[in-house]
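The values are calculated or read from the model by the stated rules, or taken from the named source; none is laboratory data. Given the structure is predicted, the values throughout are model-derived calculations rather than measurements. Here the Cβ is made from the backbone with ideal geometry for all residues, glycine too, and neighbour counts use every protein chain on show.
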Amino acid sequence: MSRERPPLLAVAPAAIAAAFFVLPLAGLLYRAPWSRLGRDLGAPEVRTALRLSLVTSLTATALALLLGVPLAWTLARHRFPGRRLLRALTTLPMVLPPVVGGVALLYAFGRRGLLGQWLVRWFGITLPFTTTGAILAETFVAMPFLVITAEAAFRTLDQRYEDAARTLGASRWTVFRRVTLPMAGPALLAGAVLCWARALGEFGATITFAGNYPGRTQTMPLAVYLALETSPELAVALSLVLLVVSVAVLVGLRDRWLGVA
């Protein structure tokens, strides 16, 4: 890292860029109702929204691990027709407007969707505007973070250890479980934490596909949106919770994800 004094032409726009990110957060901290913060966060509706957020985000992360790790391993280790297209579609939710993702989920899993109509007809399962629908929406927007991180880890692993395990008679499942997963463990953990943080903060796809029903689909971001209209102080208090979680995630992953100390 260079210790030379940076040129003024770089410092000035860099300072403006830094202020652009810092000032909104400073404004949030300035307007925080510190004297009543504990009372606001202890309100029954806040506890309900927080509990629902934890349940849905953790379940979405578990579902992403269950489905995303095999997908990442397949993308990293196997060549097949359409692999690039599949990778592009897998990462699409990262750049797709969340509301558009919610609309897409409606037309896929809604009562008249491609799959949803058969779920209703055959099993009586309705996903939109339910807690399960909120989990599905969060999984859709958050799983790409896990898949990208896991795929990069699987691709960069030294496969000689896996080859050595196979020569000793280990099955492919044993090699994956005893060698591949432990070696990729730190990256998988980082990806899972990023996935969880994204699921916890999901708003657009959730409100579009699952609605905003207290106790059923109203997670913390949705509660913030609703509180802005009736109690701005409560909205700020809820925002602080999400801010603290986000900062904690970024600080905890700065070495693994950002590559800095």
How many of the residues making up region 91-136 are free of Cβ contacts under 8 Å to residues at least 24 places away in the same chain and among the polar types (S, T, N, Q)?
3
Residue under question is A237, and the condition is that it be surrounded by 14 or more Cβ atoms within 10 Å (Cβ to Cβ), modelled with pLDDT under 85, out of contact with any Cys (no Cβ under 7 Å at 6 or more places or on another chain) and under 25 Å from W73 (Cα atoms); does it hold?
no
Kindly check whether there is at least one residue in region 205-216 that is at pLDDT 85 or above and within 14 Å of the chain's Cα centre (by Cα).
yes
What's the number of the only condition in (1) surrounded by fewer than 23 Cβ atoms within 10 Å (Cβ to Cβ); (2) under 20 Å from P97 (Cβ atoms) that P214 fails to meet?
(2)
Got at least one residue in region 188-197 being within 24 Å of L86 (Cβ to Cβ), touching a Lys or Arg at 6+ places or on another chain (Cβ under 6 Å), in contact (Cβ under 8 Å) with a residue 40 or more places away in the chain and among the small types (G, A, S)?
yes
Qualifying position, being out of contact with any Ser or Thr (no Cβ under 6 Å at 6 or more places or on another chain), among the aliphatic types (A, V, I, L, M) and touching a residue at least 60 places away in the same chain (Cβ under 8 Å), among L238, L242:
L238
What number goes with the only condition from (1) charged (D, E, K, R); (2) closer than 23 Å to T91 by Cβ; (3) more than 23 Å from the chain's Cα centre (by Cα) that E202 does not pass?
(3)
Cβ pairs under 9 Å, 6+ apart or interchain, first in region 62-75 and surrounded by fewer than 18 Cβ atoms within 10 Å (Cβ to Cβ), second of a type in the set (S, T, N, Q) and in a helix (DSSP H, G or I), ordered by first then second residue, are L67/T139
Read through the list (1) under 20 Å from V69 (Cα atoms); (2) surrounded by fewer than 18 Cβ atoms within 10 Å (Cβ to Cβ); (3) polar (S, T, N, Q), then give the number of the only condition that T180 fails.
(2)
